[in-house]
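Below is one structure, written out as structure tokens; comments come after it.
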Amino acid sequence: MSFLIALDDGHGMNTKGKQSPYILSMNRRIKENEFNRRVVDELNVLLKKCGFQTLLVASTDHDTPLSTRTNRANRAGADAYVSIHYNAYDGTFKGPNPGGIELYVYPGHLNKEAGRLARSIGAALKQGTKQNYRGIKEADFFVLRETSMPAVLTECGFMDHPDEALLMLNPAFHKETAIEHAKGICEYFNMNYKEGKSKEASFKGRRIESIHEGNLRFYAAPSWKDEDVAGYVQKGIGFPSIIDRLSVNGSDQYKVKNSKGSVFYITAHEKYVTVK
Ligand SMILES: [Zn+2]
């Protein structure tokens, strides 16, 4: 039997107010969900590698209602609920700018299972990037109250702290935060944390298949352009051999070979394809 972990990415992409102050050097604000969602995506992959099952309770860009999130986890009988967030103090870079990590459990649960899970995750989050550790707190948050399994909400930094705001878009910080959550969850469930094989070693020469309902484009060149589309694959169909993985305008593609040796390019996003 494997444990089921419900993963909650906090908010929708356009949830009002959930964003950093205006960042001059970037000419924009950073939305909280830009961070939360990336960490949840990476954590999802890591937990599966460690032998967990996962449930993404809010997998779209929409602002999934909190009750929908908790209902999904309760209905599925999840063994733990982890909600990943980024904190805010006063919504401005002016005045005091506290920073750091804090974790929340429902009031009265510090010495129960949720508290134990929070301590495991908190101990792992303390590693890596140097941040102030603000500890484990109690709060009557909806997702902590309405879930029927141990539930922890993590605040991985402050959106209105100048340095921590920039960490929200830092891929190395996403990865680190995801690994730390995975290690903490493994520790709590007494599972071995398995370091994912490096991308380099793990995909070359392996088969890739579409897991997308409908037509998935593949390309004659490393490109996302309509005019480079070479054809489509259906769910369950793919290419026998991956040659390489490359970044194309910021999103990864696999360079693949078909059975006749012709070379094509296809998205590497795990939402659309799986490596066998
Ligand atoms: Zn939040």
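For this structure, a couple of remarks:
- In the chain, the calculated helix contribution to ellipticity at 222 nm averages -8500 deg cm²/dmol per residue, counting -39,500 (n - 2.57) for every DSSP H run with n ≥ 4.
- Heavy-atom accessible surface of segment 133-275, averaged per residue, reaches 51 Å², computed with a 1.4 Å probe.
- Cα centroid separation, segment 25-95 to segment 177-191 (Å): 16
- Note on segment 234-276: Cα-only Rg and Dmax are 10.2, 29 Å.
- In this calculation the C-beta distance from Tyr232 to Asp61 is compared with R0 = 25 Å, giving a FRET efficiency of 0.55.
- Placed amide H near Phe218: partners under 5 Å, 5+ positions off or other chain: Ala230, Gly231, Tyr232, Val233
- Kirkwood-based Rg to Rh ratio, segment 199-275, C-alpha trace: 0.92
- In this simple spin-label approximation, Leu246 and Lys204 carry label points 7 Å from Cα along the Cα→Cβ vector, and these lie 1.6 nm apart.
- Beta bridge orientation in the chain: antiparallel %, DSSP, nearest 5: 60
- Dipole check for the chain: with +1 at the C-beta of Lys and Arg, -1 at the C-beta of Asp and Glu, and the Cα centre as origin, the magnitude is about 760 Debye.
- Euclidean distance between Cα centres, segment 201-276 to segment 151-174, Å: 32
- Segments 250-260, 170-180 sorted - mean Cβ within 10 Å per residue, highest first: 170-180, 250-260
- Once the chain from Asn170 to Lys49 is taken as fully extended at 0.36 nm per residue, the excess over their C-alpha distance is 41.3 nm.
- Rg and Dmax [Cα atoms of segment 1-112; Å; Rg one decimal, Dmax integer]: 15.9, 51
- Entries in Lys16/Lys130; Lys130/Lys183; Lys48/Lys194 that, when Cα-Cα distance is taken, lie over 21 Å: Lys16/Lys130
- Peptides 130-136, 22-28 ranked from most to least packed by the mean count of surrounding Cβ atoms within 10 Å: 130-136, 22-28.
- Probing with 1.4 Å while keeping every protein chain in the model, the per residue accessible area of segment 1-122 equals 46 Å².
- Based on alpha-carbon atoms, the Kirkwood radius and the radius of gyration of segment 4-189 give Rg/Rh equal to 0.94.
- In nm, spacing of pseudo-spin labels at Tyr272 and Glu113 (7 Å Cα→C-beta vector): 3.9
- Of the solvent-accessible surface of segment 199-275, computed with a 1.4 Å probe over protein heavy atoms with every protein chain present, carbon and sulfur atoms account for 46 percent.
- Geometric extent, Cα atoms of segment 55-136 - Rg, Dmax (angstrom): 15.2, 45
- Carbon/sulfur fraction of accessible area - segment 13-104, other protein chains in place, 1.4 Å, %: 48
The values are calculated or read from the model by the stated rules, or taken from the named source; none is laboratory data. From a predicted model like this one, the values you see are computed outputs, not experimental measurements. Here the Cβ is made from the backbone with ideal geometry for all residues, glycine too, and neighbour counts use every protein chain on show. Heavy atoms of the whole protein, side chains included, go into the accessibility calculation; ligands, DNA and RNA do not. Shrake-Rupley method; radii C 1.70, N 1.55, O 1.52, S 1.80 Å.
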